[in-house]
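Nothing in this text is a laboratory measurement; each read-out follows from the coordinates by a stated rule. As the structure is a computational prediction, the values presented were derived from the model and not from experiment. Quick reminder, even Gly has a Cβ in these numbers, built from the backbone with ideal geometry, and neighbours come from all protein chains shown.
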Amino acid sequence: MRIGAFTSVAVHWLPGVLKEFQNDFPNVDFRLMNGDYHDVEEWLSDGSIDIGFVNVPCALDCECIPLMEDRLLAILPLDSRFASYPKFPLVECETEPFISLLKSSDHDARRALEAAGVEPNVRFYTKDDYAIIAMVEQGLGMSIMPELLLKGRHDRLLTLPLIPEAKRTIGIAIAAGDRAGPATRRFADYVVRYVKRQADKSPS
């Protein structure tokens with residue numbers, strides 16, 4: 001089975017889902033492909049993968065199942081002047097040094113900023129999520145990241161909810177037509193159950 005995923009899912013969901021699935025179906029082989037939203041959509045479109053994690057809504061000709069709403073958060077150095085703020089006003093991105101993913105990858109932050117009519121003061125571009133986190137930790141600027149990606153990484157960062165609030169919806173897309181076999185659909189069921197259990201464990 002060929003699976004496409006972006007970083008937050010590949011790190012925080014896939015290992016647990018794969019362990020459960022392999023325990024029940026040890027003879028299924030996997031090929032895992034890690035990229036950004038654009039990569040996963042391309043792989044689904046050209047048939048390189050059977051199933052992929054996507055940002056919903058998805059324009060592809062696929063069966064898409066929404067899984068979870070994931071808040072976007074501002075990430076800033078611990079000594080930021082916003083340390084006493086309960087939330088981060090998006091308009092401040094116009095003056096704060098901003099670290100951005102490449103434009104082909106940065107759907108989440110870009111949508112939030114465009115919806116708020118904010119033009120960020122971009123100082124650095126990179127394709128790697130964790131490179132951005134490391135740069136923020138070193139005081140090189142701020143950024144906007146999904147909460148799932150930041151799981152376990154709050155100790156050296158200041159994380160604040162946004163004003164206005166912004167979210168992404170993570171979904172799983174199953175390749176159209178006959179490309180998705182029984183194992184692929186069974187895997188999707190395991191993903192849905194796994195994400196629900198993780199949500200039930202989260203503090204309200």
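A few remarks follow.
- With contributions of -39500 (n - 2.57) from each DSSP H run of at least four residues, the per-residue ellipticity at 222 nm computed over the chain stands at -9500 deg cm²/dmol.
- Label corresponding to Rg/Rh (Cα atoms, Kirkwood Rh) when calculated from the structure given, among [x] 1.00; [y] 1.10; [z] 0.95: [x]
- Sequence-distant residues sharing a close amide H with Ala166 (under 5 Å, placed H): Leu72
- For Ile172, residues with placed amide H under 5 Å, excluding near neighbours: Val54, Ile65, Leu67
- Non-local Lys pairs in the chain, i.e. 8 or more apart or on different chains, that have alpha carbons under 29 Å apart: 21
- Note on Tyr190/Lys103: beta-carbon distance plugged into 1/(1 + (r/R0)^6) with R0 of 30 Å gives a FRET efficiency of 0.35.
- Computed over the chain with a Gaussian network model linking Cα atoms closer than 10 Å, the most mobile of Phe82, Phe25, Phe53 is Phe25.
- Residue-wise HN-Hα couplings along the range 44-51, as the Karplus relation 6.51 cos²θ - 1.76 cosθ + 1.60 with θ = phi - 60° gives them from phi, are 5, 5, 8, x, 6, 10, 8, 8 Hz; Gly and Pro carry x.
- Taking other Cβ atoms within 10 Å as a rough exposure proxy, Thr159, Thr95 sort from fewest to most as Thr95, Thr159.
- Using the Karplus relation 6.51 cos²θ - 1.76 cosθ + 1.60 with θ = phi - 60°, the per-residue 3J(HN,Hα) values for the range 80-96 come to 4, 5, 8, 4, 8, 7, x, 9, 9, x, 4, 4, 5, 5, 6, 10, 6 Hz, with x marking Gly and Pro.
- Close amide-amide hydrogen proximity is noted between Cys58 and no other residue 5 or more places distant or on a separate chain, at a cut-off under 5 Å (H modeled in the peptide plane; Pro and chain starts excluded).
- For the range 70-167: rounded, prolate or oblate by the Cα gyration tensor [a/c cutoff 1.5]: rounded
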